[in-house]
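Shown next, in structure tokens, is the structure this report addresses.
The values are calculated or read from the model by the stated rules, or taken from the named source; none is laboratory data. Since the structure is predicted, the reported quantities are computational estimates derived from the model, not experimental observations. Cβ coordinates were reconstructed from backbone atoms using ideal geometry, including for glycine residues, and neighbour counts include every protein chain displayed.
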Amino acid sequence: MLSSFHRKELCIEMGEKNKRQIWTKAKSAILTLVCTRVLIGIIIAIAILLPFIFSAGLSGGFSGNYLFSSGAAGPYYGASPDAGILYAGMPAAKIPALFICAYASFVFIMIALFSLDFLLRNIRKELVFFRKNVRYLRIISWCCFAVAVIMLCGWPFISYVLIFVAAAAAFFGLLMRVVKNVIDAACEIKDENDFTI
């Protein structure tokens, strides 16, 4: 059993630990916002550079033709077909399907990332149970489902790997729907409490 002196000492020590806490909610929100914006930049860079990746010939140089280089699609970063894991040995006939899936997905990914950015800005302003956040979560979930459908449509033309990407996107969309429903219910409770007071 702790004496009152020891309890006070323990409380003071715990308070000092909380004051020395390096990681806060505000810092976490800023980090997540920065990571989201970096990811937006990466997706834009990939969308711009994707044609160049496939214009690189087997020698690793640029041929000037953005979609195909002498009938073979070599990896951008390697000199031989074995150098690249993702694109090596991909028949030139599959590249248009890859472009269609990639750019169609990029549209929905960008919409989801910008919605996430708006959501994080509201959270930083401490507007957690806010109707617009429900809307942003709904947009993100529908974008995930759209990417899943695009990947499912593209797998027969590109690779079986897209089935797993589609499953992951659909699962993430389902999680977003659950979070949206929880936030929506919390908004209703908050609105009822605001009207009561």
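Pairing residues of the range 100-121 that are under 20 Å from Arg177 (Cα atoms) with residues that are polar (S, T, N, Q) and surrounded by 21 or more Cβ atoms within 10 Å (Cβ to Cβ), at Cβ distances under 9 Å and at least 6 apart in sequence or on separate chains, gives Ala112/Ser141; Phe118/Asn133; Leu119/Asn133.
Report, by residue number, each residue of the range 166-197 that is of a type outside the set (Lys, Arg) and in contact with a Leu (Cβ under 8 Å, 6 or more places away or on another chain). Listed by number, the residues that qualify are Ala166, Met176, Val179, Ile183.
Of all the listed residues (Phe145, Phe129), the sole one being in a loop (DSSP other than H, G, I, E, B), aromatic (Phe, Trp, Tyr) and in contact (Cβ under 8 Å) with a residue 24 or more places away in the chain is Phe129.
Condition test on Leu119, is it part of a helix (DSSP H, G or I), at pLDDT below 90 and either among the acidic types (Asp, Glu) or surrounded by 17 or more Cβ atoms within 10 Å (Cβ to Cβ) (or both)? Taking the combined requirement at face value, the residue does not satisfy it.
Filtering the range 181-197 to residues that are crowded, with 16+ Cβ neighbours inside 10 Å and more than 19 Å from Ile123 (Cβ to Cβ) leaves nothing.
In the range 131-146, the qualifying residues are those that are of a type outside the set (A, V, I, L, M) and buried (at least 16 other Cβ atoms within 10 Å of the Cβ), and the one that is farthest from the chain's Cα centre (by Cα) is Asn133. Looking at Ala112, Ala102, Ala97, Ala93, just one residue is at pLDDT 95 or above and either part of a helix (DSSP H, G or I) or touching a Ser or Thr at 6+ places or on another chain (Cβ under 9 Å) (or both), and that residue is Ala112.
Working carefully through the options Val128, Val149, Val178, find the one that is more than 15 Å from the chain's Cα centre (by Cα), modelled with pLDDT of 95 or more and surrounded by fewer than 14 Cβ atoms within 10 Å (Cβ to Cβ). The conditions single out Val178. Criterion first (more than 18 Å from the chain's Cα centre (by Cα), among the hydrophobic types (A, V, I, L, M, F, W, C) and part of a helix (DSSP H, G or I)) does Phe195 satisfy it? When the stated conditions are applied, Phe195 passes them.
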